[in-house]
Structure formats: structure tokens, C-alpha cells
Amino acid sequence: MGDFLVLIHTADEQLYYGIEDSIGDTVQPRVFVNRADVRIDDWDFEGQSPIICRCETPLTRAVEIFTTYAGGSYWTGRLCQCEHLVSGISRYDEDSIEIHDGIPAWSPWQTEEEVFAHQNIT
């Protein structure tokens with residue numbers, strides 16, 4: 001158990017990186033353009049002090065979120081222009097999310113061995 005790398009994919013093939021807490025099955029809302037920048041922000045995964053989108057009128061786009069935890073699964077969400085997820089943060093708390101087991105076709109890692117080798121944040 002712990003924190004695992006998450007990939008966020010946009011329709012225009014842009015790839016972002018994020019963090020999932022496997023205990024709470026919650027993705028940190030802030031995402032990163034570069035993997036080297038990924039870090040755990042002041043976010044306790046229980047929602048007590050989230051680093052969230054603060055845009056008055058968020059401009060969002062559809063994304064797919066892929067967790068490397070437990071061999072991989074992916075689901076849909078929405079990403080704001082401020083580089084924060086605004087939906088899909090907790091895949092089990094949102095009724096409209098359909099969770100797919102496995103590795104999405106757009107992932108740079110296509111085998112369980114590759115996913116396992118890249119799942120840690122550091």
C-alpha cells in the first residue's frame with residue numbers, strides 16, 4: 001500500500017502525471033507535465049486540506065486516468081486548464097465513472113512488467 005504513479009491522457013495526446021493513494025483510492029487533484037516534478041502536495045487524501053481547482057469558471061476537458069496500482073485500471077475524468085482534476089479524483093465516489101481493468105492503449109507501458117517498473121513515484 002502507498003502512493004502510486006497515475007497517468008492522465010487528453011484527447012489531443014497530451015500526457016500528465018499524478019499520484020494515487022491506494023489506501024483511499026483517491027487521486028491528488030494537482031497534475032504535473034513532467035514526471036520529475038511529481039510530488040505529494042499538502043493533500044491528505046481524506047479531503048481535509050485539498051489542493052484543488054480554484055477557478056471561478058473552470059474550463060475543463062475530458063481525460064482518461066490510468067493508475068499503475070494493482071496491475072492497472074483506468075477511468076474518465078475532467079481536467080481544468082489550471083492543471084487540476086475536477087472529476088475522476090475518486091473513481092468509486094462518482095456514479096458515472098466506468099472503471100476498466102488493465103492498461104489503456106495510449107499508455108507508454110504496455111505490459112504488467114513495465115507498469116510495475118514505473119509505478120513508484122520516486
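The values are calculated or read from the model by the stated rules, or taken from the named source; none is laboratory data. Remember, it's a predicted structure, so these values are computed and weren't measured experimentally. Ideal geometry is used to build each Cβ from the backbone, glycine not excepted, and the neighbour counts take in all protein chains shown.
Restricting the first residue to region 50-78 and requiring it to be under 21 Å from P108 (Cα atoms) and of a type in the set (D, E), which pairs with a second residue that is at pLDDT 85 or above and assigned to a strand (DSSP E or B) meet a Cβ separation below 8 Å and a spacing of at least six or different chains? Sorted first by the residue in region 50-78, then by its partner, the pairs are E64/I8; E64/H9; E64/Y74; E64/W75; E64/T76; E64/G77. The residue that is surrounded by the fewest Cβ atoms within 10 Å (Cβ to Cβ), among those in region 1-27 that are more than 15 Å from T76 (Cα to Cα) and touching a residue at least 40 places away in the same chain (Cβ under 8 Å), is G24. Only residues that are modelled with pLDDT under 90 and either touching a His at 6+ places or on another chain (Cβ under 7 Å) or not hydrophobic (A, V, I, L, M, F, W, C) (or both) were counted across region 22-34, and they come to 7. Within the set P104, P108, the sole residue that is more than 14 Å from the chain's Cα centre (by Cα), closer than 15 Å to I8 by Cβ and either in a helix (DSSP H, G or I) or touching a residue at least 40 places away in the same chain (Cβ under 8 Å) (or both) turns out to be P108.
Just one of the listed residues (E83, E113, E98) is surrounded by 13 or more Cβ atoms within 10 Å (Cβ to Cβ) and either modelled with pLDDT under 95 or within 12 Å of the chain's Cα centre (by Cα) (or both), and it is E83. Within region 111-122, the set of residues being touching a residue at least 12 places away in the same chain (Cβ under 8 Å) and assigned to a loop (DSSP other than H, G, I, E, B) comprises Q119, N120, I121. Residues in region 1-21 that are more than 17 Å from A117 (Cβ to Cβ) and modelled with pLDDT under 85 were compared, and the one that is nearest to the chain's Cα centre (by Cα) is D21.
Out of all the residues in region 60-80, is one or more at pLDDT below 85 and of a type in the set (S, T, N, Q)? No, region 60-80 contains no residue that is at pLDDT below 85 and of a type in the set (S, T, N, Q). Can we say A70 is exposed (fewer than 15 other Cβ atoms within 10 Å of the Cβ) and within 11 Å of H9 (Cα to Cα)? Against the criterion (exposed (fewer than 15 other Cβ atoms within 10 Å of the Cβ) and within 11 Å of H9 (Cα to Cα)), A70 does not qualify.
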